[in-house]
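Accompanying notes for the structure given below.
Here, each number is a calculation from the coordinates, and none is a lab measurement. Owing to the predicted nature of the structure, the values given are computational and were not obtained by experimental measurement. Cβ placement follows ideal geometry from the backbone for every residue including glycine, while neighbour counts extend to all protein chains displayed.
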Amino acid sequence: MSAPSAQERKACWDARDRYWQCLEDNKEEAAKCQQLRQGFESLCPRQWIKYFDKRRDYLKFKEEMEAKGFEPAKPTEER
């Protein structure tokens with residue numbers, strides 16, 4: 001597989017951004033964004049899709065931690 005051209009990278013990133021925006025607008029209901037997801041998958045290399053999905057999960061987790069704060073797990077009882 002050759003490296004994507006600048007134009008292909010831009011198309012991929014634009015498709016990713018449209019898909020992510022749809023998820024934001026629809027309160028994470030992926031079913032409402034299925035068409036945009038298919039476009040994202042058709043324009044981006046598979047490895048990039050995997051990375052972007054993990055990245056988005058991380059960013060959402062980080063945003064939640066910053067908003068709510070960190071609560072350590074409760075210690076378990078020793079037996």
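Annotations for the structure displayed:
- If only residues of the range 27-68 that are exposed (fewer than 13 other Cβ atoms within 10 Å of the Cβ) and not in a helix (DSSP H, G or I) are counted, the one that is nearest to the chain's Cα centre (by Cα) is GLU28.
- Cβ-Cβ under 6 Å pairs, at least 6 apart or on other chains, the range 10-26 side farther than 16 Å from ARG46 by Cα, far side in a helix (DSSP H, G or I): ARG18/LEU36; CYS22/CYS33; CYS22/LEU36; LEU23/CYS33; ASN26/LYS32
- Close Cβ contacts (under 8 Å, 6 or more residues apart or on different chains) running from residues in the range 31-47 that are of a type in the set (Asp, Glu) to residues that are in a helix (DSSP H, G or I) and surrounded by 12 or more Cβ atoms within 10 Å (Cβ to Cβ) comprise GLU41/ILE49.
- Taking first residues from the range 56-75 that are more than 18 Å from GLU24 (Cβ to Cβ) and partners that are polar (S, T, N, Q), no Cβ contact under 8 Å between residues at least 6 apart in sequence or on separate chains turns up.
- The range 51-79, residues that are farther than 17 Å from LEU23 by Cβ and of a type outside the set (Asp, Glu): MET65, ALA67, LYS68, GLY69, PHE70, PRO72, ALA73, LYS74, PRO75, THR76, ARG79
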